[in-house]
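Asker: First, the structure itself, so that you have it in front of you.
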Amino acid sequence: MSELHDRPDSPCIGVCSTLFDDVCKGCGRTAYEVSNWVFFTEQEKAAVWERIIREGTGMRFCDSSSTTSQT
């Protein structure tokens, strides 16, 4: 089985900001990538996954323990 099939079908986490931002704050994909995801080939999807993992800027990659408040 390929690595791509070990991942969710889409990087989306349901926190979309592509109406307001060039890059979604939730998943890290561009508006173009979000709107065309279903038309991408497996290779194109893999390339996007590799880039967003490498950049790690989307909320998808935030460490939840660092975002919780400490009292």
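Laboratory data are not the source of any read-out in this text; all were calculated from the coordinates shown. Small disclaimer: the values here were computed from a predicted structure and weren't measured. Every residue, glycine as well, gets a Cβ built from its backbone with ideal geometry; the counts of neighbours run over all protein chains shown.
Asker: Just for the range 31-41: of the residues that are of a type outside the set (D, E, K, R) and buried (at least 17 other Cβ atoms within 10 Å of the Cβ), which one is farthest from I13 (Cα to Cα)? Write out each step before concluding.
Answerer: At the first step, the residues of the range 31-41 found to be of a type outside the set (D, E, K, R) are 31-32, 34-41.
Checking the rest, the ones that are also buried (at least 17 other Cβ atoms within 10 Å of the Cβ) come to 34, 37.
Numbers: V34: 12, W37: 14 Å.
Of everything passing the filter in the range 31-41, W37 is farthest from I13 (Cα to Cα).
Asker: Here is a follow-up. Could you please tell me which pairs satisfy a Cβ distance under 7 Å, a separation of 6+ or placement on different chains, a first residue in the range 40-63 that is β-branched (V, I, T), and a second residue that is in a helix (DSSP H, G or I)?
Answerer: Here the result reads V48/E33, each pair linking the range 40-63 to a residue that is in a helix (DSSP H, G or I).
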